[in-house]
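The values are calculated or read from the model by the stated rules, or taken from the named source; none is laboratory data. Here the structure is a predicted model, which is why all the values come from computation and not from measurement. Here the Cβ positions follow ideal geometry from the backbone for every residue, glycine too, while neighbour counts run over all protein chains shown. Heads up: the accessible areas ignore ligands, DNA and RNA and are worked out on the full protein's heavy atoms, side chains in. Shrake-Rupley method; radii C 1.70, N 1.55, O 1.52, S 1.80 Å.
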Amino acid sequence: MYTMAETSPESIQRLIENSERGIAQIEVSQPLVLEARRTVEDVIKKQDGRNVVLDLLMSVLDTLLAENEVIYDLSASLDALLKATDDYTKRYYMQSLNLCFWETSQLFAGDEGDENGLLTKLETQTKELNQAGCQYILRHIIDDVREFRRKYANRELRNITRHYDDPIRMYEKQRELTNIDFFAKGASELMAIRMEVTVVSSYLMSLFVPNNTLLQKTTTAPKCGIDVKGMFNEAIFKALKEKNLKEEVQKTLDKGHRELDESYGLYSGCCKAVDFLIEKGYQETDAFDKLKTLIRLRMETLFLRHDIACSVWGYLNASTDKERSQNLRMIHITKQAALTHIYGYNENARERSLWTKIKQLEEANDAKLNTCKVEHSLKSLTGNLSEDKESSQIFAHYRYKGDFYIPARLDAFSKMVHHQELTESLELLNVCKELEKLTTGLLLCMDEKQKQERKRQHDEWMGLLDGIAVKAGNDKGFEETLKPMREFIDTMFEDNQAIN
């Protein structure tokens, strides 16, 4: 199913090793760049009016910060993709790479006319300082980034798999992801573009800070105190590793696509049945509408459950605190996007949610289904969604319009308490189980209702024949005439046998 046609096992192993090496290097360099940026930011705040040189220096540091974060995300996702063994996890990390491809393109260059791309800003600033050579090279790199986006970044895939607003289309786009080699090549090309960016940013940095002494001066002082949060996060990680959670998560992921395949097959069957009825002049029945709504909820729930499982799998396979935080950040994105469509984060969103459509079903009033308990769990989980919206923006984008999110993202990582994130993950997984039980229960109720309706219609037809037989004086010869009709009615409503 998955192709790595031009990549040998030895090359794959080298890719894994290079990815892990890139992660380790950035773990060291990124805090230095972030601290230098804070220093320059403090100086700029104290300035009266605009200082062109400091603005350029700030842009250079933003670019260095961005390069590191992009390569970190790229390396972590590629490493996970190459280590994954099941279909769902492979596709999940192909989606993650596509997200990285798209967001990186927007970060550095954006669309034509976008003046907030990091390289676009640098191009303007170098022009102001008469750095014509840099300006020319930056224009060339911007063109390379946009060509890379055209070749490798899929906007539709990015939107569908991050917004969770169309589980049917999401499934169809996921099934198209089979070429691992395509994403490995894309990652390699993006790393090559990053090297071009590094050459320019390092040169510009050397104009104002020879030999990058700014980084050295602001980071040589040793840190004081004990990193209690880091120690706590590490202890939680080791405890979970010892509890065989990894094997349990893998069991969930191994059956991920089978469950989605079954649900999608049922949905396709509904659509074909509706098309047939319309072709024959019938209108779409309420039963098919209800069934399709239930299947959409089930598929959305399956995507939510398995994407969270992928995040936990990535966490358990990570080698550093930050890499684990990178995986846990996806829980925020998944929770915000999926629960917005399943339940809604405010009254307006709730009116359009799948949950509102489910509550309108007559079968949802069945006391045995415990709908109120499920709604209570959803309400509890979605209570903070509006407050989490900003965090989700920071975690999903490198920049949005003029806002550069990477410093805020790194600050959020430094404050992240992994125990809380994992507890929330387990709560989400429990709600997924409740929703799956509910959809199964609703389907059974609908099936039971249809069986009862078929029995009612069967009995009605048989009653009609019984009435005719009585009028004929229960004549045996006439009863033999009615026998084929009775057999036909039994065949037409054969499911009534399961009810009697």
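Worth a mention:
- Residues satisfying the stated conditions in the stretch 69-95, i.e. open to solvent by 10 Å² or more (accessible area, probe 1.4 Å) and polar (S, T, N, Q): S77, T85
- For the stretch 50-66, the set of residues classified as touching a strand residue (DSSP E or B) at 6+ places or on another chain (Cβ under 9 Å) and open to solvent by 10 Å² or more (accessible area, probe 1.4 Å) consists of D62 only.
- Test: residue in the stretch 67-74 that is more than 20 Å from F208 (Cα to Cα) and outside any helix (DSSP H, G or I): no
- Residue match in the stretch 336-351 (condition: open to solvent by 20 Å² or more (accessible area, probe 1.4 Å), among the aromatic types (F, W, Y) and either at negative phi or not in a helix (DSSP H, G or I) (or both)): yes
- Of the candidates R158, R146, the single residue that is under 22 Å from the mean Cα position of the chain (by Cα), open to solvent by less than 50 Å² (accessible area, probe 1.4 Å), charged (D, E, K, R) and within 22 Å of G110 (Cα to Cα) is R158.
- On the stretch given as the stretch 165-175, residues that are open to solvent by 60 Å² or more (accessible area, probe 1.4 Å) and closer than 22 Å to R352 by Cα total 2.
- Remark: R14 matches the filter, which requires a residue to be open to solvent by 80 Å² or more (accessible area, probe 1.4 Å), farther than 25 Å from S414 by Cα and modelled with pLDDT under 80.
- Contacts under 9 angstrom Cβ, first residue in the stretch 469-482 being of a type outside the set (S, T, N, Q), partner not in a helix (DSSP H, G or I), 6 or more apart: A469/D475; F478/A472; E479/A472; L482/A472
- Filter pass, D62 being at pLDDT 90 or above, in contact with a helix residue (DSSP H, G or I) (Cβ under 9 Å, 6 or more places away or on another chain) and farther than 24 Å from Y398 by Cα: no
- Residue check for I499: of a type in the set (A, V, I, L, M), open to solvent by less than 70 Å² (accessible area, probe 1.4 Å), touching a Lys or Arg at 6+ places or on another chain (Cβ under 8 Å) and at pLDDT 80 or above: no
- Within the stretch 41-56, the set of residues being under 17 Å from M205 (Cβ atoms) and without any contact (Cβ under 8 Å) to a residue 60 or more places away in the chain comprises E41, V43, I44, N51, L54.
Yes/no matrix, rows are residues, columns are (1) of a type outside the set (S, T, N, Q); (2) surrounded by 15 or more Cβ atoms within 10 Å (Cβ to Cβ); (3) farther than 23 Å from A76 by Cα:
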position: L138; (1), (2), (3): yes, yes, yes
position: Y152; (1), (2), (3): yes, yes, no
position: H163; (1), (2), (3): yes, yes, no
position: L177; (1), (2), (3): yes, yes, no
position: A184; (1), (2), (3): yes, yes, no
position: A192; (1), (2), (3): yes, no, no
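- Positions within the stretch 342-359 being farther than 24 Å from L422 by Cβ and touching a residue at least 60 places away in the same chain (Cβ under 8 Å), in sequence order: L354, K357, I358
- Residue in the stretch 298-317 that is closer than 25 Å to I71 by Cβ and either surrounded by fewer than 21 Cβ atoms within 10 Å (Cβ to Cβ) or in contact with a His (Cβ under 7 Å, 6 or more places away or on another chain) (or both) present: yes
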